[in-house]
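K.L.:
Quick one: the structure is below, and I'll ask about it shortly.
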Amino acid sequence: MMTNIDKLTHSGCTTPDKNKVCRSRGGESCAFDGAMIVLQPIADTAHIVHGPIACCGNSWEGRGSLSNAGVRHAVSLHRMGFTTDISELEIVYGAEEKLYRAIQKTFHAVKPKAIFVHATCVSGLIGEDIESVCSKAGAELGIRVIPVNAPGFVGPKNLGNRIAGEVLLDHVIGTGEAPRTTDCDINLIGEYNIAGDLWLVEPVLNAAGINILSRITGDAGFDEITWAHRAKLNVVVCSRALINVAKEMERKYGIPYVEVSFFGKTEMSKAIRKIIGANNYSPLHGLRHDKIESIITKEDSLLAKRLQPYGHLKGKKAVLYTGGVKSWSFISALLDLGIDVVAVGTKKSSFEDEEKMKEILGPDAPLVEDVTPANLRQLMKDNDADMLIAGGRNLYLAVKEGFPFVDVNQERHVAYAGYEGLVNLAEQISNSINFYNRGQGSKGSRDQVEELKSKPLNPRTLESSSPFSKRDVVINPLKHSQSIGAAIALQGIDRALPIIHGAQGCTFLGKVLITKHFREPIALAGTKLFTEDVVMGSEDIIVKVAEGFIEKQKPGLIGVLSSGLSEVKGDDISEAKKRFRIQDSGCRIIHIPTPDYEGGMETGYAKAVEAVLKGTSGKRKKEIKGQINVLAGSHLTPADFNELRETIESFGLCPVFLPDLSALDGSREGFSPLASGGVKVSEIETMNSSMFTIAVGMSMEAPAEYLHETYGIEYTVIGAVAGLKGTDVLMNTLSGLSGRPVPGKYTRQRRSLIDGMRDAHPYLSGKKVCTALEPDLSLQTSAWLKEMAADVELAVIPC
């Protein structure tokens, strides 16, 4: 039987200029992510991710599609996450029975119209037969249970989009009948209602007499997609994603299609005229062209008035870097605002996209393939550009360099489609320019700033009595993978670089997640494994990738983080390290095993700390008087790190933090592909000569024990450094180590804290609390809540 991947390849997908796909340089995420982007917006269906936690945990709630669920649909599931979260044992013995039970429990829990089951790298690699499981479960439950075979390693995000389109063609479209149809029905294909884009376009189309029969898939319900074959015209919004759906529906159902964009005044007006066939034949009958021209004229007039406050944008210069239909349609939108486009990044654009760019900007269009942060920064400076228009991953390049920035990719929160969307775009650009013009983020303001120069109970005991310790399906998982934790830990080491050895979605989704949390540039790279690497072997790839970064970026430390995919396929990363050809680079290469089928964020963080200590420690030298090690847990914020350092130094002690995430407090300048700030590798090398170790958090006991066993450094574990008792323990420990009394300012702060606790106790005393946190953070939070006489009756921890 021909698979969906086979169909795409068989249909000419290997030709670089055909069907707007398979351009190897395009795409930053993986096929799994691409399939989820297309299918998850269907609001009344559930999506079960069959695999370890990373794929669901990294992407859950990370997409910007909106829905009128509850108004147009009976249930709202598009913002929920479902995963089997398979373990190492289930990888060995198989997890098809678990998947079967997960489908049953999901059906009974949320009553979806249909269930999509998504394969991942690990379930695809071990050969899980999700088709037969879906068929069996669907027959028993009486609903459609649909397999989606798009594991991350089969290709980039664009291919996953197409696979999802094939799934809709095979299992959904043509299986239902609409309650009513008209002669002016269209399908919108490839519109995902990011930030509510569709809600700004649909009213204009309705005013023109155009009825949207099926939305594929933004703000869609399952039933409306089943009767999409009854439309008179398919309108393809992002042809790079789902052109295969339009072509197959034309072949199978005789429905013609047009390709349009809704971004900007010019393209919106073109789209309406193209849909009604103002210049050629259209299958939409009964539409009056004069009425539609009247609507366009009216919208143009209203738009001109609303754009008057943004006249100062005319003559500004922009660098644009996005993908697909946005890569050329946003050029048109910027030109509508009078903004000159001085450079366009094309890494995520197809050849057809580039041709459209040239149609708009002329044959000498400033197209640039190299869109590394360093080159984007140079483009901004060389062209004296006023703004960067790109995706969220480039936000912090702009922030650190002081460039006005607007996010136009799928993670955004502002709608830019239609006439009203152009006003929103102008407002966002204007707001960003005004902010920087007032000096809030300018180089000058930075220069001015530069001038101013008793162990607690083990949280693992909380698991033993939990009725949820073994589950077939995890809904809205409060859990992240080990690789996420390890990557966060390495952000606190100066000039460090974590490299995830797995499919490209592992790195892409992980980087988006951590960046959104800290709102800072995040150093994270990946080996981007594809099918041929999985089949033929990929140990040489990690050598090639790491050597490339060593040669170009000169990192001080590289942490190679294994994924579930690389662990299951058996890559020997430790052996691969021996084949590095770059000698005397001064870079430490450390392997940190972080498969996502075990552990969680906190354990991955702790593994990274211990691995760094083992990978950088040599012989113990003479003890450094007054120097203490601080092994800081994942539950601490960047502000906590700053406060701890100031407190320790006030006792006359010299702390060496590992890691030191204080660098993520927004104080860093510039942009670097490596972690910037934090503890230096040379400082870590001195930790074996410290006089004492303070481990903050139970998870830090293992690395502290390593220092004790190897170098004889005594240690203590402080489970909580918040609240009255935890802070008392910290102060007493520091006083004992330094031989100094607690400074007066802290005794005063203690009195203020007690007074505040007494003032606030009526609001918390006797209250019943449930915490849902990583173990160390759960322990610390529970401790201060107990001091406030609240009762923590349930502590939900991820592993």
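The values are calculated or read from the model by the stated rules, or taken from the named source; none is laboratory data. Remember, predicted model here, so these are calculated numbers, not experimental data. When we count neighbours, we look across all protein chains shown, and the Cβ atoms used for this are built from the backbone with ideal geometry, even at glycine. Protein only, heavy atoms only, side chains kept; ligands, DNA and RNA dropped before computing areas. Shrake-Rupley method; radii C 1.70, N 1.55, O 1.52, S 1.80 Å.
K.L.:
When the dipole is taken about the Cα centre of the stretch 157-245, and only Lys, Arg (+1) and Asp, Glu (-1) are charged at their Cβ, what size is it in debye, to the nearest 20?
P.N.:
Once rounded to the nearest 20, the dipole reads 240 debye.
K.L.:
When the expected Rg is taken as 2.2 N^0.38 Å, what fraction or multiple of it is the alpha-carbon Rg of the stretch 741-799?
P.N.:
For the stretch 741-799, the normalised Cα radius of gyration is 1.36.
K.L.:
What's log10 of I(q)/I(0) for the stretch 263-355 at q = 0.19, 0.21 Å⁻¹, Debye sum over Cα points only, no solvent?
P.N.:
So the normalised log intensities are -0.97, -1.05.
K.L.:
Can you compute the radius of gyration and Dmax for the stretch 645-737, using only the Cα atoms, both in Å?
P.N.:
Reported Rg and Dmax, both Å: 14.5, 41.
K.L.:
According to the Kirkwood expression over distinct Cα-Cα pairs, how big is the hydrodynamic radius of the chain, in Å?
P.N.:
Across the chain, the inverse of the average 1/r is 28.5 Å.
K.L.:
Oh, and also: Any chance you could list P(r) for the stretch 570-612, counting all Cα-Cα pairs in 10 angstrom bins from zero, rounded to whole %?
P.N.:
23, 44, 27, 5
K.L.:
Now a separate question. Any chance you could list P(r) for the stretch 372-417, counting all Cα-Cα pairs in 10 angstrom bins from zero, rounded to whole %?
P.N.:
27, 55, 17, 0
K.L.:
What is the percent carbon and sulfur in the accessible area of the chain, measuring with a 1.4 Å probe over the protein chains and ignoring ligands?
P.N.:
Carbon and sulfur together cover 51 percent of it.
K.L.:
Enter the accessible area of Thr217 (Å², nearest 10), with the probe set to 1.4 Å and all protein chains included.
P.N.:
Approximately 0 Å² for this residue.
K.L.:
Above 20 angstrom, tally the Cα pairs of the stretch 201-266 and express them as a % of all pairs, no decimals.
P.N.:
Cα-Cα pairs of the stretch 201-266 separated by over 20 Å account for 27 percent.
K.L.:
Per residue and in cubic angstrom, what volume does the convex hull of the Cα atoms of the stretch 485-623 have?
P.N.:
It is 124 Å³ per residue.
K.L.:
Could I ask something else about it? Extending each Cα 7 Å along its Cβ direction at Thr686 and Gln308, get the distance between those two points in nm, one decimal.
P.N.:
In this crude spin-label approximation the distance works out to 6.5 nm.
K.L.:
Can I ask one more? Rounded to the nearest 500 deg cm²/dmol, what is the calculated helix-only ellipticity per residue at 222 nm for the chain, with -39500 (n - 2.57) per DSSP H run of length n ≥ 4?
P.N.:
-13500 deg cm²/dmol
K.L.:
Can you tell me what percent of all Cα-Cα pairs in the stretch 334-393 are more than 13 Å apart?
P.N.:
Tail fraction, whole percent: 64.
K.L.:
Roll a 1.4 Å probe over the protein chains and send me the accessible area per residue for the chain in Å².
P.N.:
I get 41 Å² per residue for the chain.
K.L.:
Let me see the P(r) profile for the stretch 103-181: every Cα-Cα distance counted, bins of 5 Å, each bin given as a percent of all pairs.
P.N.:
3, 14, 21, 21, 20, 13, 5, 2, 1, 0
K.L.:
Okay, moving on. Kirkwood Rh over Cα pairs of the stretch 692-799 into Stokes-Einstein at 20 °C, 1.002 mPa s: D in µm²/s? Numbers along the way, then the final one.
P.N.:
Details: Rh = 15.6 Å.
Roughly 138 µm²/s, to the nearest whole number.
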